[in-house]
């Protein structure tokens, strides 16, 4: 790889890191070409871009993007693959699915919305993360719940009881 190719790779990685809030660093060493291709297909079907790059190029691209990635630098050793996603949990789910029948790729680390997760032991935690749309749906559901309860109470048989009590109180007062 000559200097121009390296600079082009750094520029492409920098753009990816700048425009992606979620990426995972993996170690897919010891996997055969057939298994790597199967893993890439799984990633593609899940809307995840997977690319393998040199650690020095990844580090230079991250340095150019900003200081918030310094905790990832110690993880950049050995073969490194990068999974870029628009969903924080999708890459972890793909990794878990693929590892049901394979021992790798291992999770080196992940950058999720300015938080850094290090180590393969974080895979289960990352797979349980909810997307922003799921969280917003839960919040809307929680906000609608009290209003729904009042409306259903007024529409149900208890509404007749309340109306009867109000009428009885009204008659007593008159």
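The values are calculated or read from the model by the stated rules, or taken from the named source; none is laboratory data. Predicted model only: the values in this text are computed from it and were never measured. With ideal geometry, Cβ positions are generated from the backbone for all residues, glycine too; neighbour counts draw on all protein chains shown.
General observations
- Selection within segment 70-109 - part of a helix (DSSP H, G or I), out of contact with any helix residue (DSSP H, G or I) (no Cβ under 8 Å at 6 or more places or on another chain) and buried (at least 19 other Cβ atoms within 10 Å of the Cβ): 75, 90
- Total residues in segment 90-115 satisfying the condition of being at pLDDT 85 or above and within 12 Å of the chain's Cα centre (by Cα): the figure is 9.
- For first residues located in segment 53-68 and under 21 Å from residue 27 (Cα atoms), partners that are in a loop (DSSP other than H, G, I, E, B) and lie 6+ apart or on another chain with Cβ distances below 7 Å form the pairs 55/76; 55/77; 58/76; 59/76.
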